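All remarks here apply to the structure that follows.
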Ligand code: SF4
């Protein structure tokens, strides 16, 4: 529950500028730490939010930071490119 509390408290901070990609509806962030009651299964295997238009900032901005993304990176459509690698290769 601590990560969820931290995610809620920090949800008013801006999204890190290095974030790229888009949500693919995998639903992983809606199961941290337990499946959200508003999460709805879709026929194509993805998920939808029953309160999408009024979802709270911690859902709206997820993943707001690389640290948050690390918890869902296997399936999440967003990514946070490692800037150190980009600098070394440029
Ligand atoms: S984990 Fe990423 S891709 Fe999956 S529902 Fe959350 S924001 Fe969307």
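Since every read-out is calculated from the coordinates, none of them should be taken as a lab result. The shown structure was predicted, so the numbers you read here are calculated from the model rather than taken from an experiment. FYI the Cβ positions are ideal-geometry reconstructions off the backbone, even for glycines, and counts take in every protein chain you see.
Some values worked out for this structure:
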quantity	calculated
Label-point separation in nm, residue 31 to residue 79, each point 7 Å along Cα→Cβ	2.2
Alpha carbon convex hull of the range 2-89, projected area averaged over orientations, nm²	6.6
For the range 1-55: relative contact order, % (alpha-carbon pairs under 8 angstrom, 6 or more apart)	27
